[in-house]
Amino acid sequence: MIDQNIYDNPVFFDGYKELRAREDNYNILVEQPAMTRLLPNLKNKTVLDLGCGYGNSCIDFIEKGAKRVLGIDISERMLTVAKSESSHKDIEYLCMNMAELHLLNEKFDLIYSSLAFHYIENFGSLICDVFHHLNDGGQLLFSQEHPIVTATLDGKGHFNKDANGNLISYSFSNYSESGLRNTTWFVENVIKYHRTIGELLTTIAETGFRIEEVVEPVPEEWALQKRPVLAKEFIKPNFLIIKARKQL
Ligand SMILES: C[S@@+](CC[C@H](N)C(=O)[O-])C[C@H]1O[C@@H](n2cnc3c(N)ncnc32)[C@H](O)[C@@H]1O
């Protein structure tokens, strides 16, 4: 299976761009605040951003004191935006499939990835490559879609309501069946990969990482006020974040 490059699909690209332009999207209100909280001190550090998209995080790392940032992404369209909107002399952007990380001849203090690992088929191989591209004591920080979101094979996971129309629970299935999920998001046939939390954590630990934090972020009060519907994140979290360190 060749990794999909769905972000270069023009319909997908436009739909995703519109979503990210909204000031009340889930990234801004739920995922990014948690990721920012988990960032280590970046003063004079080197950072690799896997699936960097528009490069927003790359700029943020520079503003936090990083001395070099390499952002890689499989999508030329995403990188075109990154190069025009998030350029800096200490940031380099490279069009590359992160599944081919072994081709890079450089090590980093932090390897970061926001919402891209669920597109990768071979998680074990990716984590192994990440390990080898970290300096001793370096850290991995990544977010991905929560396995509750990716689990259901027919994509029909759904909320349930009480008699008054209040959301009370979420139904999902196929949790233990790891593997490919063919989903619809802006366009049909968007390929993602489901893995259980046990599988993710065990793979990371067996590779030699010490797992430092596992976070299933929920909206803070300010975010709930901006978008009250986010209260449903307390029933079903959309994101999973893992921070791990390459042992000395
Ligand atoms: C949901 S977007 C997130 C972008 C960015 N990290 C952010 O948070 O704004 C996922 C990104 O991962 C990239 N991506 C997906 N599969 C990839 C792969 N195999 N190698 C590198 N990048 C990939 C996509 O092109 C897209 O830019």
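The values are calculated or read from the model by the stated rules, or taken from the named source; none is laboratory data. Note that the structure is predicted; figures quoted are calculated from it, not measured. Don't worry about glycine lacking a Cβ; one is built from the backbone with ideal geometry, like all the others, and counts go over all protein chains shown. In case anyone asks, the SASA skips ligands and DNA or RNA and just uses the protein heavy atoms, side chains included. Shrake-Rupley method; radii C 1.70, N 1.55, O 1.52, S 1.80 Å.
Within the shell defined by Cβ-Cβ distances under 11 Å, the residues around LEU39 carry a net charge of +3, with Lys and Arg each +1 and Asp and Glu each -1. Each label was represented as a point 7 Å from its Cα along the Cα-to-Cβ direction; for GLU18 and VAL214 these points are 3.7 nm apart. Overall dimensions of region 52-95, expressed as equivalent-ellipsoid semi-axes from the Cα gyration tensor (√(5λ), whole Å, largest first), are 17, 9, 8. With the charge dipole of the chain set up from +1 on Lys and Arg Cβ and -1 on Asp and Glu Cβ about the Cα centre, the Cα lying farthest toward the positive end among the listed residues ALA99, LEU126, TYR170 is that of TYR170. Accessible surface for ASP60 stands near 40 Å², nearest 10, in the context of the full protein assembly shown (1.4 Å probe). Share of region 1-68's accessible area from carbon and sulfur, percent, 1.4 Å? So the carbon and sulfur contribution to the accessible surface is 51 percent. Candidate cross-link partners of LYS232 among the lysines, defined by an alpha-carbon separation under 16 Å and a same-chain spacing of 8 or more, comprise LYS161.
Cut-off 10 angstrom, C-alpha nodes, Gaussian network model of the chain. Which of LEU70, LEU230, LEU104 fluctuates the most? For the chain, modelled as a Gaussian network with Cα springs under 10 Å, the answer is LEU104. Principal axis analysis of the Cα atoms in region 70-182 yields extents of 58, 32, 27 Å, listed in decreasing size. For region 125-248, the fraction of 1.4 Å probe accessible surface lying on carbon and sulfur atoms is 50 percent. Here the chain carries DSSP beta bridges of which approximately 55% are antiparallel, counting only pairs with both residues inside.
For region 170-231, a/c is not less than 1.5, where a ≥ b ≥ c are the root eigenvalues of the C-alpha gyration tensor, and a/b does not top b/c. That puts it in the oblate class. Charge dipole of region 184-245 (Cα centre as origin; +1 on each Lys and Arg Cβ, -1 on each Asp and Glu Cβ, all else neutral): 100 debye, rounded to the nearest 20. Of all lysines in the structure, those lying under 16 Å Cα to Cα from LYS17, and not within fewer than 8 positions of it along the same chain, are LYS83. Once the 1.4 Å probe is applied to the protein heavy atoms, region 57-121 comes out at 45 Å² accessible per residue. Working note: Cα gyration tensor of region 124-248, eigenvalues times five, square-rooted, sorted largest first, giving semi-axes of 30, 19, 12 Å. Which residue fluctuates most in the GNM of the chain (Cα springs below 10 Å): GLN32, GLN144, GLN225? Of GLN32, GLN144, GLN225, the most mobile in the Gaussian network model is GLN225. Note: the chain, Cα convex hull, 130 Å³ per residue. ARG77 sits with roughly 100 Å² accessible to a 1.4 Å probe, with DNA, RNA and ligands left out of the calculation. Computed over region 11-148, the percent of Cα pairs more than 18 Å apart is 54. Structure remark: mean-square fluctuation, Gaussian network model of the chain, C-alpha springs under 10 Å; the largest value among TYR193, TYR16, TYR26 belongs to TYR16.
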